[in-house]
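The values are calculated or read from the model by the stated rules, or taken from the named source; none is laboratory data. What you are looking at is a predicted structure, and each value in this text was computed from that prediction instead of being measured. We place every Cβ from the backbone using ideal geometry, glycine too, and count neighbours over all the protein chains shown. Note: accessible area is taken over every heavy atom of the protein model, side chains too, but ligands, DNA and RNA are not part of it. Shrake-Rupley method; radii C 1.70, N 1.55, O 1.52, S 1.80 Å.
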Amino acid sequence: MKIEQQQLKAFLLDSELVTKVDIEKAEAEAAESGKKIEDILLGLGKIKEEELARLKAYILGIPFVNLEEEKIDPKVLSVIPEPIAKKHNIVSFKKSGKNLEVAMLDPEDLGTIEFIKKKSNLKILPRLTNVASMKYALAQYQKSLEAEFGEIIKSEVSTETLATISKDVGIEGADLEDLKKAAEDLPIVRIVDTLIRHAILQRASDIHIEPMEKEVLIRYRIDGILHDTMVLPRQVASGIVARIKVLANLRLDEHRLPQDGRLKIETPDYKFSLRISVLPVFDGEKVVMRLLPESAKGFTLEDLGFHGDALEVLYKNIKKPLGMILATGPTGCGKTTTLYTILSLLNVPGVNISTVEDPIEYRMPRINQTQVRPDIGLTFANGLRSLVRQDPDIVMVGEIRDTETASLAINAALTGHLVLSTLHTNSAAGALPRLLDMQIEPFLIASTINVIIAQRLVRRLCKEKEQYTLTEAELKKLGENVDLERVLNFLKKEKIVPPKTVWKDISFYKPRPGPECPDGYLDRLGIHEALQMTPTIKELLMQNSTSDQVEAQAKKEGMMTMVEDGIIKAVQGFTTIEEVFRVTTE
């Protein structure tokens, strides 16, 4: 089952997946580097990995299978032991009678097929698949969190062991040696490793470890919602906290003051940076770990959920050489991700980009990122003061928290820099009174701010979802919260619905829970509003108008509000009306 390079080349040309010029370039590079033609074409992005796998399957006469979203029976999966499956990228996914279907990436790996045949005493039917399917299938070897903790606690953490771990490791006056011993105790190490691994597998953004009077509650935040995940015996609390402190280089003997730290988790499958926050609470110390994937792929503004006029307004304003772009919203609504996405668009060799952040959430190449350290006097204001002496073209300030930082950011925007920053307000229009509250002169705000973005994150519906239309009563209720005529005009303008559509013809969607989507939702999507500083808005600002007056004028000038954007995404089937109102109702 070997494919010759010439044979593959002929089929690539016949299938018109790549051009003759691309093949010739790849051949020349292959002759120099000794790599395979297919690897070079994949690296250059000339062909997709799934297209190549399907083509190979066609040449060899082997069926191609896509195992993404495919739940494999654990008994069938376990026919091939996990170490073999991971080492050779081969999984068994279907068994009927004496036939075992196995998916693999390398059709030339006959030795492994022979080994599985002897071990299982079954007829092996090989199938080709792609890397994404293989990763998804291999992830299913992981045991459930409850099962794994059950094993750890039953086999290794007997009541006596727990008593020994927790003895003298209290909140007050614990001996440093006892704390170190608890942190290095094997069951505790396994518990912490398992907690982090399962959080990564379940795509959690945060892990909450909360001590209570008689137990320790573990919660994961998945797609913005906190879920109770596990309850552990109270005795392990101090050991878990000590272990996390050791990993994050925090003080083990400090129990009365909050502490912040970082740590990195690296495996062949993933690479994560974890932000650690330890806070004293009544029953001990609460730990929150924020998981930041370092291998996160770059987003585009479209991926984040921007569309229509808001997208055009944003593209137009990020091309300006100076001024200010503000992202607003509550904590955890994706403001920083939006700013990083804008920075990645602006990150070209001809500009110098500097940031001052707390914390640095993602490392970005060619961007000079500075971490705020208030304990040694490096605040946002001091960092920004130094940054403008570093000859930057573009400056990002993680957050405007006080008058001094606001004043410096405004001055930087006035003196020929493009400044990006975030502000905690409920709406785009709400950013203007917030800046006035920080004693910034209205004429300075009017002359520096280019655009203000406000956003929230809604959960995205899975592929399987239920379609329905609203009744008259439901439409009337929806009309009380949003201007239906405006939304319908936006839908027609962006050609989402035909020109003569009326509301009773428009479909909405409900979540349909399934094995892969227990809630019917998977991942999140942004809903936005983009307020452009037009001459009329500037005039209102100079008159000290309220945020409601500013918003009303912006709507007259065509601004789509967050709620309206959410309803449009609900019509498109990305989310539900309930989700939109969950995140926007104040």
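Treating each Cα of the chain as one equal point scatterer and applying the Debye formula with no solvent, the log10 of I(q)/I(0) at q = 0.06, 0.08, 0.09 Å⁻¹ comes out as -0.42, -0.75, -0.95.
Computed over the stretch 74-142, the range of Cα coordinates on each principal axis works out to 27, 26, 19 Å, biggest value leading.
What percent does the relative contact order of the chain come to when contacts are Cα pairs within less than 8 Å and at least six residues apart?
9 percent
Is any residue of the stretch 345-359 close enough, with backbone N under 15 Å, to a label point placed 7 angstrom from the Cα of Tyr315 along the Cα-Cβ axis, and if so, which? Inside the label zone: 345-346.
Shape summary of the stretch 356-409, radius of gyration then Dmax from alpha carbon positions: 10.7, 31 Å. Taking amide H positions as modeled 1.01 Å from N, with prolines and chain starts lacking one, the residues under 5 Å from Thr355 and 5 or more places away or on another chain are Asn368, Gln369, Thr370, Met396.
Note that the stretch 116-129 has calculated 3J(HN,Hα) couplings of 5, 4, 5, 5, 8, 6, 10, 7, 8, 10, x, 9, 8, 9 Hz, one per residue in order, obtained from phi through the Karplus relation 6.51 cos²θ - 1.76 cosθ + 1.60 (θ = phi - 60°); glycine and proline are x.
Using only side-chain charges placed at the Cβ, +1 for Lys and Arg and -1 for Asp and Glu, the dipole size of the chain relative to its Cα centre rounds to 1220 debye.
Our coupling estimate for the stretch 491-504, obtained by passing each phi through the Karplus curve with A = 6.51, B = -1.76, C = 1.60 and θ = phi - 60°, is 4, 6, 4, 8, 6, 7, 10, x, x, 9, 5, 10, 4, 5 Hz, Gly and Pro reported as x.
Ligands, DNA and RNA are left out, and with a 1.4 angstrom probe the accessible area of the chain is 50 Å² per residue. Amide H contacts of Gly520 (H built 1.01 Å from N, in plane; Pro and chain starts excluded): Gly514 sit under 5 Å, all sequence-distant by 5 or more or on other chains. Taken along its principal axes, the alpha carbon cloud of the stretch 366-469 reaches lengths of 57, 33, 28 Å, longest axis first. Cross-link partners for Lys35 among the lysines, with Cα-Cα distance under 18 Å and sequence neighbours closer than 8 places in the same chain left out: Lys2, Lys9, Lys25, Lys46, Lys48, Lys56. With a 1.4 Å probe and every protein chain kept in, tell me what percent of the accessible surface of the chain is carbon plus sulfur. Exposed carbon and sulfur together represent 51 percent of the surface. Counting only DSSP H runs of at least 4 residues, each contributing -39500 (n - 2.57), and dividing by the residue count of the chain, the helix-based mean residue ellipticity at 222 nm comes to -12000 deg cm²/dmol. Label sites at Asn489 and Leu257, each approximated as a point 7 angstrom past Cα along Cα to Cβ, lie 5.8 nm apart.
Each part gets one Cα centre, and for the stretch 521-584 versus the stretch 199-273 those centres are 36 Å apart. Distances between placed amide hydrogens fall under 5 Å for Val216 paired with Leu232, Arg234, all partners being 5 or more residues away or on another chain. Rounded to the nearest whole Hz, the Karplus-based 3J(HN,Hα) values (6.51 cos²θ - 1.76 cosθ + 1.60, θ = phi - 60°) of the stretch 532-542 follow the sequence 8, 7, 7, x, 5, 5, 4, 4, 4, 4, 5, with x at glycine and proline.
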